Amino acid sequence: MKFISRSHSLFHFNRNLPRAIWIGLPLVTIIYVMANIAYFIVLSPAEMILYSNSVAVAFGSKTFGSVQWLIPVFVALSTFGGVNGTLFSSARLFFAGAEDGQLPKVLSFIHVRNFTPVPALLFQCFISILYLATGEVRALINQVSFVLWASTGIAVASLIRLRHTKPDLPRPIRVHISLPIIYIFCTIFIVACSIYADYVNTGIGCLLTLTGVPVYFFMLWMKKGQGDTCSCWDRMVISIQKLLNVIPQEKAEVLL
């Protein structure tokens, strides 16, 4: 919620964000369930096993005939849509962290006309390329999925704790306490299954996540004023501002 409001990614987020969730989540769930029912109706168990890596393609070949090529096209479009949503949100996590002083301040700069966090987006692109350099996509998916679900579960658990320890904090969006509790139990189940199925890659994912701990404490040390930025870093920041045409976001523009 914080990075959405700070980066102007969604206007009237306290109204539009719940609306998007309550409309989009059931709609996507219904579509996926209906698609799987269609697979079971059209394909036999033997075909499901034979085409286990491309069930949608086998379904299209039996139902769409000459236009079966539409299935891979729509799958590709869906993939690009998912990647677009990930880039849209993940980069703004770097943006919000930099705003709080937990990452270099340059990542919180925005474009002077488009108001997009260009440095954070480019940093996200750089990190993604480093991950892709590992060469094993399946292992990378297992690593990232485990870290994603684990971190999300911890974040939701932290919100439950804050509700009890700091009940007076402003909360533009409130839900019943049962929803985050159910979500945490589902997250624990998914994380446990990931560890059981591939403990090697989940361990690597944990190690990759822990590499951010020294950076976090170093940035907190810098935030407290116990360290001074060097002139070469300041010159680098100015060069980045000129190259990307970005500036720090004014505090008056923050939407809370």
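Quick look at the values:
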| item | result |
| --- | --- |
| Theoretical gain in end-to-end length, residue 160 to residue 61 [0.36 nm per residue, Cα-Cα removed] | 30.8 nm |
| Residue 50-residue 216 pseudo-label distance in nm [points 7 Å out on the Cα-to-Cβ vector] | 5.1 nm |
| Residue 21/residue 189 FRET efficiency (R0 25 Å; Cβ-Cβ; nearest 0.05) | 0.75 |
| Between segment 137-181 and segment 55-132, the Cα center-to-center distance that results, in Å | 21 Å |
| Ordering of 115-127, 209-221 by burial proxy (mean other Cβ atoms within 10 Å per residue, highest first) | 115-127, 209-221 |
| Helix-only CD estimate at 222 nm, as mean residue ellipticity for the chain, using -39500 (n - 2.57) per DSSP H run (n ≥ 4) | -23500 deg cm²/dmol |
| Integer Hz, Karplus 6.51/-1.76/1.60 couplings in order for segment 100-107, x for Gly and Pro | 8, x, 8, 9, x, 4, 4, 6 |
| Label corresponding to Cα Rg over 2.2 N^0.38 Å when calculated from the structure given, among [x] 1.05; [y] 1.31; [z] 1.22 | [z] |
| 1.4 Å probe accessible area per residue over the chain, in Å² | 69 Å² |
| For residue 110, distant residues with modelled amide H under 5 Å away | 247, 249 |
| Derived scalar couplings ³J(HN,Hα) [segment 116-130; Karplus, 6.51 cos²θ - 1.76 cosθ + 1.60; whole Hz; x for Gly, Pro] | 9, x, 4, x, 5, 5, 5, 5, 4, 4, 5, 5, 5, 5, 4 |
| Vicinal HN-Hα couplings computed from phi for segment 58-72 (Karplus, 6.51 cos²θ - 1.76 cosθ + 1.60; Hz; Gly/Pro x) | 5, 5, x, 5, 8, 10, 9, x, 5, 9, 5, 5, 5, 4, x |
| Residue 78-residue 144 pseudo-label distance in nm [points 7 Å out on the Cα-to-Cβ vector] | 1.8 nm |
| Additional length obtainable on full extension of the chain from residue 206 to residue 35, 0.36 nm per residue less Cα span | 58.1 nm |
| Cα-projected label distance for residue 127 with residue 115, points at 7 Å along beta-carbon direction, nm | 2.4 nm |
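The values are calculated or read from the model by the stated rules, or taken from the named source; none is laboratory data. Worth saying up front: this structure is predicted, and the values here are computed from it rather than measured. Heads up, the Cβs are rebuilt from the backbone with ideal geometry, glycines too, and the neighbour counts pull from every protein chain shown. All accessible areas refer to the heavy atoms of the entire protein, side chains included, with ligands and DNA or RNA removed. Shrake-Rupley method; radii C 1.70, N 1.55, O 1.52, S 1.80 Å.
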